[in-house]
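Structure, as structure tokens:
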Amino acid sequence: MSGSLRDATPEEFVKAVDPSLKFVNIFSGSPRFNLVYQVRRGDDFYVLKAAVKGSSHFKFQTFERDALKECVDVPGITHLVTDYDKVNRDYSAFLKEYVSGLSFYLPTIPPSAHSLLKSELVETVRSLNKKGFFGLDVAPRNLVVSLDFQAITLIDAFYHKKYMESSDDIRFAEHLFSEPKSA
């Protein structure tokens, strides 16, 4: 597709980034200038993230892409598949793994799985912190739990390299597994 992609349909945009990908859906909550699509290649699903260069989301997308390049050995996160970098002069895009499962919601997770999932999440956060990434936005909206409740994946993070080191990320991860106090 020639010209600007600003008015492209999601299907056209995905094809312009990578003709081997097929558009599946738009992830809800994605503003127009921060494109987050579920895509498919063959039988495999992925997440395509793109942002308009110069937008505030472009900066955060750059942080995430750079972090994923450094964190190829960190378990418990979605990993970078392809860095498309520049797309049609106006955009930057990358493809990362898609993880299916359940959105994190503690009441739906069997108590017998809490310890394992908490341990996995804390280890993922520790690994990211050891690589110098802090301020990760460890929150339910950024977590997917496997259908068998044996794995938890951080699917999106607010990666900051060289952010002031703190133990807040681990505290947030542990707090997610705290039962709410009744009144």
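Here, each number is a calculation from the coordinates, and none is a lab measurement. Note that this is a predicted model, so its numbers are computed, not measured. When we count neighbours, we look across all protein chains shown, and the Cβ atoms used for this are built from the backbone with ideal geometry, even at glycine.
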Is there a quick way to get the dipole size of region 1-106? I mean about its Cα centre, with the Cβ of Lys and Arg at +1 and of Asp and Glu at -1; what is the value in debye to the nearest 20? 320 debye
The pairs in 59/131; 15/69; 49/86 lying past 18 Å Cα-Cα in this model are 59/131; 15/69
Note: residue 172 to residue 109 extended length (0.36 nm per residue) minus current alpha-carbon separation gives 20.9 nm
Taking each full run of DSSP H in the chain as one helix, which ones are at least 18 Å long along their axis (Cα atoms) and have mean Kyte-Doolittle hydropathy of at least 1.0? none
Output the relative contact order of the chain, whole-number percent, from Cα pairs under 8 angstrom with separation of 6+ residues. 18 percent
Cα-derived Rg to Rh of the chain, Kirkwood definition: 1.00
Unit charges at the beta carbon, dipole of the chain: most positive-side option, 145, 134, 9: 9
By a straight-distance test (C-alpha under 14 Å), which aspartates and glutamates pair with residue 53 as possible cross-link partners, with residues fewer than eight away in the same chain excluded? 85, 90
In whole Å, largest first, what are the principal axis extents of the Cα atoms in region 51-158? 50, 26, 22
Other-chain or far-sequence residues with amide H under 5 Å of residue 134's (modelled H): 160, 162, 163
So how strong a dipole does the chain carry about its Cα centre when Lys and Arg Cβ are +1 and Asp and Glu Cβ are -1, to the nearest 20 debye? 460 debye
Calculate, for residue 97 and residue 6, the FRET efficiency according to 1/(1 + (r/R0)^6) with r their C-beta to C-beta distance and R0 35 Å; round to the nearest 0.05. 0.80
Along the Cα→Cβ direction, 7 angstrom out, place labels at residue 69 and residue 148. What is the inter-label distance in nm? 3.5 nm
